[in-house]
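Below: the structure, in C-alpha cells.
Computed from the coordinates by the stated procedures, all read-outs in this text should not be read as laboratory data. Values in this document were obtained by computation on a predicted structure and should not be read as measured data. Note that each Cβ is placed from the backbone with ideal geometry, even for glycine, and that neighbours are counted across all protein chains shown.
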Protein chains: 2
Amino acid sequence: MFSQTVEYALRAVVHLASEAPAPRTTDQIAAATLVPRAYLAKVLQSLAKSGVVQSQRGLHGGISLIKAPADLTILEVVNAVEPIQRIRTCPLGLAAHGVRLCPLHSRMDRALATVETALGNSTLAEVLAEPTESVPLCPYPGGVKSALRARSGPPAPTG
Amino acid sequence: MFSQTVEYALRAVVHLASEAPAPRTTDQIAAATLVPRAYLAKVLQSLAKSGVVQSQRGLHGGISLIKAPADLTILEVVNAVEPIQRIRTCPLGLAAHGVRLCPLHSRMDRALATVETALGNSTLAEVLAEPTESVPLCPYPGGVKSALRARSGPPAPTG
C-alpha cells in the first residue's frame, strides 16, 4: 500500500532529520538512502512543493527540513508525496448516499483512518530516538558510532 | 491507498454476496456496481484466479462466490486482487537489519497491520446485514424494498 515514492520520501526525510538542521546535497542523500539519484530528485521536488523541505543554493547550500524533526510526523511526509485518500463521499456517486457512506465504504474509510492515526502518532524525532539495533538507513548494527568503536577496537587498558 | 481495482472488486463481491448463492452475469454485475464492463471482466478474472469467485457456463450459469458471505472477509477480497504488502525485511536490503526492521519501517509495517486487522474483521455478510440508510450499491435510501414500498404508496385502508 506504500508506493516506492512514499518509501523513498521517508528515507530522504529520515536522513535529513538525522542531519538536521544541516543541509545535505542530493548526492549525499542518494548515497545515504540507496535511492537512485534521478528518482530521488523528483521525490525531493515533491517534498519541496509540499513545504516539507527547502533548497538553498550556494557553497554551503543543499536541502534541509523546514520543520524540526520533533514537529514532523511520518503522516505529513506521506501526505506530502501521495496523500492518503480518505473516502468522504460515495465512490459510486449515489446521491442518496452522499456523505453517509454505506457499510462497505465506511469500513474501508475506517481502515484508512487507522493508517492516518498510526503514521500521525510518530514524529521523525521519535523514529530516530528509538533505542534499536537497526538504526534507520544505517548498515551497522547499533549505528555508526558503534561501528566506529568496533573498528578501532576496545579502549586500551589504563593504570 | 485503495486502488480502483480494489474498489471495483469489492463492489462486485458485495453484489455477488447480496445475491448469493445465485450466479450473476458480468452484465448484471456491471449494471449493479456501475463498473465499466471491460474493467469489471478483468477484475472478475483476478477474483476467479485467486479463488474468490467461480464461473459456470450455460443457460443458468454466471459468476458466483466460492465461499459463503459469512466466511469471506473484506481483507480476503483486497488480497485477492492487490495483496497488502507487509514489510517483512529491510527495504534497503541492509543485511544487518534483515527481519529486524528499523523504527521507520516497523512503524510503516504496523500501520499496514492495522489495515489488515480492520479489513479482516468484517465479513461480507456483516457488511450486508448492518442496519443502514445507505445500502451498499443501492441508490435508494433504506434499500430496494423500501423504495418499492414508497413507489406503491401506503397500503390501502381496510375494514
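Things to note:
- Principal-axis tilt of helix A:103-120 within chain A, Cα atoms, nearest 10 degrees: 20 degrees
- Averaged over the residues of peptide A:83-93, the number of Cβ atoms from other protein chains lying within 10 Å of each residue's Cβ is 3.
- Under-5 Å amide H pairs with A:Val53, H placed in peptide plane, nonlocal only: A:Ala48, A:Ile66
- Separation of the A:Asp27 and B:Gln28 label points, Cα + 7 Å toward Cβ, nm: 6.6 nm
- Taking all pairs of distinct alpha-carbon atoms in the protein assembly as shown, Kirkwood radius in angstrom: 22.7 Å
- Taking Cα atoms only, the orientation of helix B:37-49 departs from the longest principal axis of chain B by about 60 degrees.
- Selection from B:Ser134, B:Ala80, B:Ala68, by position along the positive dipole direction of the protein assembly as shown (Cβ): B:Ala80
- Between B:His60 and B:Glu130, the modelled label-to-label distance comes to 3.4 nm, taking each label 7 Å out from Cα in the direction of the beta carbon.
- Efficiency of FRET from Cβ geometry, A:Ala95 and B:Gln45, R₀ 51 Å, rounded to 0.05: 0.95
- Neighbour net charge for A:Ala70 - beta-carbon separation under 14 angstrom, K R +1, D E -1: -3
- Ellipticity at 222 nm from helices only: DSSP H runs of n ≥ 4 in chain A, each -39500 (n - 2.57), divided by the residue count, give -15000 deg cm²/dmol.
- Remark: region B:94-99, residue by residue, has Karplus-estimated 3J(HN,Hα) of 6, 4, 5, 7, x, 8 Hz, where x stands for each Gly or Pro and the curve is 6.51 cos²θ - 1.76 cosθ + 1.60 at θ = phi - 60°.
- Computed about the Cα centre, the dipole magnitude for region B:4-132 is approximately 440 debye when only Lys and Arg (+1) and Asp and Glu (-1) carry charge, each at its Cβ.
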